[in-house]
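Visitor: Before anything else, here's the structure in question.
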Amino acid sequence: MSVLYDRVALIGLGLIAGSMAHAMRRAGLAGEIVGTARSAETRAIAEEIGLVDRVTETAAEAVEGADLIVLAVPVGAMAAVAEDIAPHLKPGATITDVGSVKAAVVDAVAPHVPDGVHFVPGHPLAGTEHSGPQSGFAELFDHRWTILVPLEGADTDAVARLRALWEGMGAFVDEMDMDRHDLVLAVTSHAPHLIAYTMVGVADDLRRVTDSEVVKYSAAGFRDFTRIAASDPTMWRDVFLTNKEATLEILGRFTEELFALQRAIRTGDGDQLFDYFTRTREIRRGIIEAGQDTDAPNFGRAKGG
Ligand code: NAP
């Protein structure tokens, strides 16, 4: 594949930016990749492992002369970073982000974007519970969706080039408006994370009663909640603070359904439970048919793993 941007600046050098660096290199999509992070420690690690071609001390230096700037910091940090880099952006450059919430990021970043710079928000729907400069890998985005959220009057060339970058990194690309994105993600990601956090919290309370049995027998289902609940606390705090309306809407519906199932259990309504679980099983089939997960038993884990 050919170079799409002569110079890419990654602001933040964690899981997502690191994976982008690996994936861009795999396909030769960037002439030079420059990166920076908040702490000297992260910058030193990035330098040591050669995560990017050049590490700079400040974000202002990183964006100097860059054709694409990627904001890959927690959602709550986007406004400050955008304000900081704004005076240093090259005219004609594209600025994008990878934040898990879109409306709040647009509110935070758009006011700082100077005329002549194209802002095209984005969100790769791929991640792991790991973070930091050593957690990234080239395959993270392969066959996963990235959603671009072009704003009204967006430059079509800038959007097309960014789409080509994500496709070059292995992703499928869709476009959506920001409010729809935030609602869809509240259902598919944000509410499930909150439920996992809650379930693990409840089990932790119970541990006093059950001692180590919660850990010992975790493969019965609980283990998958614990993986999700190990996700980065800063990132997820920011997600809930910034996608408040949509998450509360979905949690309201969740609570109603939970009460209905609770009642079915109490009244011994086996038909209702059976019908409900039959419907949910269909959803799992749809995800597998769409190639978004494996059909292998136990999520393809090695036996006992
Ligand atoms: P990460 O591994 O924790 O990395 C975050 C990076 O941002 C670090 O380099 C960190 O620098 C830097 N940073 C943190 N606070 C900052 C601040 N106040 N100012 C400047 N830099 C700051 O996080 P990540 O998982 O890559 O997430 C980055 C973005 O991607 C977030 O907006 C998140 O919502 C989004 N996202 C995450 C996932 C996922 O599953 N992880 C998936 C899709 C999208 P230091 O290391 O020096 O602190």
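Visitor: For the subset of the stretch 6-23 comprising residues that are more than 8 Å from the ligand (Cβ to nearest atom) and open to solvent by 10 Å² or more (accessible area, probe 1.4 Å), which member is nearest to D232 (Cα to Cα)?
Guide: Going through the qualifying residues, I end up with H22.
Visitor: If you don't mind, another one. Kindly provide the set of residues from the stretch 106-137 that are on the phi > 0 side of the Ramachandran plot and either without any contact (Cβ under 8 Å) to a residue 24 or more places away in the chain or more than 11 Å from the ligand (Cβ to nearest atom) (or both), ordered by number.
Guide: Answer for the stretch 106-137, where residues must be on the phi > 0 side of the Ramachandran plot and either without any contact (Cβ under 8 Å) to a residue 24 or more places away in the chain or more than 11 Å from the ligand (Cβ to nearest atom) (or both): just G116.
Visitor: Quick one: which helices (runs of 4 or more DSSP H) sit completely within the stretch 210-296 and have at least 2 residues that are farther than 18 Å from G127 by Cα and in contact (Cβ under 8 Å) with a residue 24 or more places away in the chain?
Guide: 233-242, 244-267
Visitor: Next question. I'm trying to understand the selection: among the residues of the stretch 164-190, which are of a type in the set (G, A, S), open to solvent by less than 20 Å² (accessible area, probe 1.4 Å), over 15 Å from S100 (Cα atoms) and in a helix (DSSP H, G or I)?
Guide: G168
Visitor: OK, next. What do you reckon, is V109 touching a Ser or Thr at 6+ places or on another chain (Cβ under 6 Å) and at pLDDT 95 or above?
Guide: No, not satisfied.
Visitor: How many residues, within the stretch 52-96, are buried (at least 17 other Cβ atoms within 10 Å of the Cβ), within 12 Å of the ligand (Cβ to nearest atom) and more than 24 Å from the chain's Cα centre (by Cα)?
Guide: Final tally of qualifying residues: 0.
Residues are listed down the side, and each one gets a yes or a no for (1) closer than 30 Å to A104 by Cα; (2) open to solvent by 50 Å² or more (accessible area, probe 1.4 Å):
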{"position": "T247", "(1), (2)": "yes, no"}
{"position": "E256", "(1), (2)": "yes, yes"}
{"position": "A260", "(1), (2)": "no, no"}
{"position": "R266", "(1), (2)": "no, yes"}
{"position": "D269", "(1), (2)": "no, yes"}
{"position": "L273", "(1), (2)": "no, no"}
{"position": "I288", "(1), (2)": "no, no"}
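Visitor: In the set R26, R38, which member is more than 16 Å from the ligand (Cβ to nearest atom), surrounded by fewer than 17 Cβ atoms within 10 Å (Cβ to Cβ) and within 23 Å of the chain's Cα centre (by Cα)?
Guide: R26
Visitor: Here's a follow-up. Any idea how many residues of the stretch 138-163 are part of a helix (DSSP H, G or I), surrounded by 16 or more Cβ atoms within 10 Å (Cβ to Cβ) and more than 16 Å from the ligand (Cβ to nearest atom)?
Guide: 4
Visitor: State yes or no: is S2 open to solvent by 50 Å² or more (accessible area, probe 1.4 Å), closer than 23 Å to A160 by Cα and of a type in the set (S, T, N, Q)?
Guide: Taking the combined requirement at face value, the residue satisfies it.
The values are calculated or read from the model by the stated rules, or taken from the named source; none is laboratory data. All values reported here derive from a predicted model rather than from experimental measurement. Positions of Cβ are generated from backbone atoms using ideal geometry, with glycine treated the same way; all protein chains shown enter the neighbour counts. Surface accessibility is based on the protein's heavy atoms, side chains included, excluding ligands, DNA and RNA. Shrake-Rupley method; radii C 1.70, N 1.55, O 1.52, S 1.80 Å.
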